[in-house]
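Contents: one structure, followed by commentary.
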Amino acid sequence: MILIFRFSESRKTMNIKETIEEKIMKLKRQRRAVILAHNYQADEVQEMADFTGDSLELSQRAAKIEADVIVFCGVHFMAETASILCPEKIILLPDKTSGCPMADMINADQLRELKAKHPDALVVCYVNSTAEVKAESDYCCTSANAVAVVRSIPEDRQIIFVPDKFLGQHVMSQTGRSMILWPGYCPTHARISEEDILREKQSHPGALVMVHPECTNPVRAAADQVLSTGQMCRFVRNSPVEEFIVGTELGIMYRLKKENPGKRFYPAKESAVCPNMKKITLEKILWSLEDMEYEVRVSDQVRERAKLALDRMMALSV
Ligand code: 13P
Ligand code: SF4
């Protein structure tokens, strides 16, 4: 619990001090706001959130939430996605520099160039992409539904998949489809190596290995399950197994441990931390609600086109 101290406060006023959590709760009510947090957020941010989930679950929640304001504790593309799905709401990102390096590995001009080289191909973009890239795409997908989205595309159509080459390779292996891949990747997941998985397996022979599809090919090949973060939570809950090696960003450990107190979790790599996800703090959530900053809004022109790609994905993900 973090207390807010003002320098001018005297001893007499000490008992009326509010915790930062209480201040956030009060402002949330005043602003008719909800707090959404990605599974990679810091423990105390997840604790403060009304809902924590993976990229798909957060999009689904944002689309049907009743509120005037959404404080999005995640990275920029997630707040943009919420803005595309609910333009009538104010979407706040508590740290405006919280971006996703993978999403920035392709821009709309680069995608247009690639499309010009393959004019008959349909474009599937991972949700970890800018709104402008989504606007140039036919379908969007998340790590939870990428395989289903690609399976829904007629066999005779060529597919361009951007920007994550590892998720793309995973989808190819699951669907048997060949796709034109963009060479993007997640720097946090790329840190997890096959050696990390083999070492943890040796230390915990009874443990099941779950890794994220953003992991490299040898890491996915060494795993028992390749799952989105939301799928990991469900898989652990329903599994009789008691020990798990977890190959993804470390923020997920908080939720896994909280929801499964009797089970044990071992990170595949202690340094698998996304610095951008960790930029959001309780203080920044409070300031965000106080100052109504930083608003993320997608222009109508881009939004209308990007929404088509997102709607096609949402229709496949009940
Ligand atoms: P999911 O939580 O949807 O699996 O996504 C992982 C991710 O990297 C989000 O940035
Ligand atoms: Fe982007 Fe990777 Fe961080 Fe997710 S974990 S936000 S893909 S850099």
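Nothing in this text is a laboratory measurement; each read-out follows from the coordinates by a stated rule. Keep in mind it's a predicted model, so treat the numbers as computed, not measured. As a convention, Cβ positions derive from the backbone with ideal geometry for all residues, glycine included, and neighbour counts pool all protein chains shown.
With respect to HIS189, determine if the residue is in a helix (DSSP H, G or I), within 24 Å of VAL147 (Cβ to Cβ), in contact with a Ser or Thr (Cβ under 8 Å, 6 or more places away or on another chain) and within 16 Å of ligand 1 (Cβ to nearest atom). Write out each step before concluding.
On the way: in a helix (DSSP H, G or I): yes; within 24 Å of VAL147 (Cβ to Cβ): yes; in contact with a Ser or Thr (Cβ under 8 Å, 6 or more places away or on another chain): yes; within 16 Å of ligand 1 (Cβ to nearest atom): yes.
Yes: the conditions hold for HIS189.
Of everything listed in (1) more than 30 Å from LEU27 (Cα to Cα); (2) touching a residue at least 60 places away in the same chain (Cβ under 8 Å), the single unmet condition for VAL241 is (2). Would you check if there is a residue in region 260-277 being closer than 26 Å to PRO187 by Cβ, free of Cβ contacts under 8 Å to residues at least 12 places away in the same chain and basic (Lys, Arg)? Checking region 260-277: not a single residue is closer than 26 Å to PRO187 by Cβ, free of Cβ contacts under 8 Å to residues at least 12 places away in the same chain and basic (Lys, Arg). Among the residues of region 46-68, those identified as under 22 Å from GLU283 (Cα atoms), outside any helix (DSSP H, G or I) and more than 16 Å from ligand 2 (Cβ to nearest atom) are ALA49, ASP50, PHE51, ALA67, ASP68.
A search for C-beta distances below 6 Å between a residue of region 201-220 that is farther than 16 Å from TYR266 by Cβ and any residue that is away from ligand 1 (no atom under 16 Å from the Cβ) and not polar (S, T, N, Q), counting only pairs 6+ apart in sequence or on different chains, returns PRO218/GLU194. Residues of region 115-149 that are of a type in the set (A, V, I, L, M) and surrounded by fewer than 17 Cβ atoms within 10 Å (Cβ to Cβ): ALA116, ALA148. Determine, yes or no, whether GLN174 is surrounded by fewer than 16 Cβ atoms within 10 Å (Cβ to Cβ) and not in a loop (DSSP other than H, G, I, E, B). Yes; evaluated as a whole, the condition is true for this residue.
Applying the selection to region 217-236, what residues are more than 16 Å from ligand 1 (Cβ to nearest atom) and either out of contact with any Asp or Glu (no Cβ under 6 Å at 6 or more places or on another chain) or closer than 24 Å to THR52 by Cβ (or both)? Answer for region 217-236, where residues must be more than 16 Å from ligand 1 (Cβ to nearest atom) and either out of contact with any Asp or Glu (no Cβ under 6 Å at 6 or more places or on another chain) or closer than 24 Å to THR52 by Cβ (or both): ASN217, ALA221, ASP224. Taking each residue of region 44-55 that is in contact (Cβ under 8 Å) with a residue 12 or more places away in the chain and over 20 Å from LEU27 (Cα atoms) and looking for partners that are aliphatic (A, V, I, L, M) and not in a helix (DSSP H, G or I) with beta-carbon atoms closer than 9 Å, six or more apart or interchain, yields GLY53/LEU36; GLY53/ALA37; ASP54/ALA144; SER55/VAL127; SER55/ALA144.
One residue stands out among those in region 111-158 that are away from ligand 1 (no atom under 15 Å from the Cβ) and among the polar types (S, T, N, Q): the one that is farthest from the chain's Cα centre (by Cα), which is GLN158. Of everything in region 83-110, what is in a helix (DSSP H, G or I), within 16 Å of ligand 1 (Cβ to nearest atom) and touching a residue at least 60 places away in the same chain (Cβ under 8 Å)? Give them in sequence order. Passing the criteria: LEU85, ALA103, MET105.
Could you list, in sequence order, the residues of region 150-164 that are surrounded by fewer than 24 Cβ atoms within 10 Å (Cβ to Cβ) and either of a type outside the set (S, T, N, Q) or over 24 Å from THR229 (Cα atoms) (or both)? Steps first, answer last, please.
Of the residues in region 150-164, the ones surrounded by fewer than 24 Cβ atoms within 10 Å (Cβ to Cβ) are 150-160.
Answer for region 150-164, where residues must be surrounded by fewer than 24 Cβ atoms within 10 Å (Cβ to Cβ) and either of a type outside the set (S, T, N, Q) or over 24 Å from THR229 (Cα atoms) (or both): VAL150, ARG151, ILE153, PRO154, GLU155, ASP156, ARG157, GLN158, ILE159, ILE160.
Does region 172-185 contain at least one residue that is in contact with a Cys (Cβ under 6 Å, 6 or more places away or on another chain) and not basic (Lys, Arg)? No: region 172-185 contains no residue that is in contact with a Cys (Cβ under 6 Å, 6 or more places away or on another chain) and not basic (Lys, Arg).
Of the residues making up region 125-157, those that are free of Cβ contacts under 8 Å to residues at least 40 places away in the same chain and among the β-branched types (Val, Ile, Thr) number 4.
So which residues in region 25-45 are of a type outside the set (Phe, Trp, Tyr) and either buried (at least 22 other Cβ atoms within 10 Å of the Cβ) or part of a strand (DSSP E or B) (or both), if there are any at all? Of everything in region 25-45, those that are of a type outside the set (Phe, Trp, Tyr) and either buried (at least 22 other Cβ atoms within 10 Å of the Cβ) or part of a strand (DSSP E or B) (or both) turn out to be ALA33, VAL34, ILE35, LEU36, ALA37, HIS38, ASN39, GLN41, VAL45.
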